[in-house]
Amino acid sequence: MTSDERRETAESLRYLLVGHRIRYKEQFFDDVAEAVVGYEDYHDFDTVIESIADLIDPTASVRLFKVLDEHGQEMVRPTCSACGHVIAGAWAFCPGCGSRLVRADD
Ligand SMILES: [Zn+2]
């Protein structure tokens, strides 16, 4: 989830407070799920919980991908699994999307 998507989701959650009163737990879940996951997507409990966790603490891992250098030569570089930004050092957060970088097996 990118920073823009996180901001849009936070805006959708805040929009639930405007002229809308949630009265029942089922309605609460459905409204929050739609704001967090989306109206068209399937949203079971696990999907909604994972999306909320990504809003609070977005994480990504560093993976090796083939990229082209400035001369068009293919080379393998460590990249962010969430956004594909090249990770050029021992960074704790991705400079492309802001995700906290974790080991793939964490
Ligand atoms: Zn990233």
Item checked: Folded to 0 to 90 degrees: helix 45-56 orientation relative to the chain principal axis, Cα -> 60 degrees
Next item on the list: With the Cα gyration tensor of the range 66-106 in hand, give its eigenvalues times 5 under a square root as the equivalent ellipsoid semi-axes, listed largest first in whole angstrom.
Entry: 21, 11, 8
Checklist line | Between 0 and 90°, nearest 10: helix 3-15 axis offset from the chain longest Cα axis | finding: 0 degrees
Notebook entry, point to check: If one puts a single equal scatterer on every Cα of the chain and applies the Debye formula without solvent, what log₁₀ I(q)/I(0) results at q = 0.19 Å⁻¹?
Noted result: -0.95
Next item on the list: Determine the sum of side-chain charges near I22: Lys and Arg each +1, Asp and Glu each -1, restricted to other residues whose C-beta is under 11 angstrom from that of I22.
Entry: 0
Next item on the list: Please tell me the relative contact order of the chain in percent, rounded to the nearest whole number, where contacts are Cα pairs under 8 Å and at least six residues apart.
Entry: 23 percent
Next item on the list: Only Cα pairs under 8 Å and at least 6 apart count here; give the relative contact order of the range 3-56 as a rounded whole percent.
Entry: 33 percent
Notebook entry, point to check: Which part of the range 1-35 falls in the paramagnetic zone of F65, meaning amide N under 14 Å from the point 7 Å along Cα-to-beta-carbon?
Noted result: 1-2
Checklist line | Computed FRET value (nearest 0.05) for D44 with E11, which takes r as the C-beta separation and R₀ as 35 Å | finding: 0.90
Notebook entry, point to check: Quick one: Karplus J couplings for the range 60-72, per residue in order, coefficients 6.51, -1.76, 1.60, θ = phi - 60°, nearest Hz, x for Gly and Pro?
Noted result: 8, 10, 9, 10, 8, 10, 7, 10, 9, 7, 5, 9, x
Checklist line | R100 paired with A53, simple spin-label distance in nm, labels 7 Å along Cα-to-beta-carbon | finding: 1.2 nm
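Readers should treat all values here as calculations from the given coordinates under stated rules, not as data from a laboratory. Predicted, not measured: the structure shown is a model, and the values here were computed from it. For neighbour counting, all protein chains shown are included, and Cβ atoms are generated from backbone atoms with ideal geometry for every residue, glycine included.
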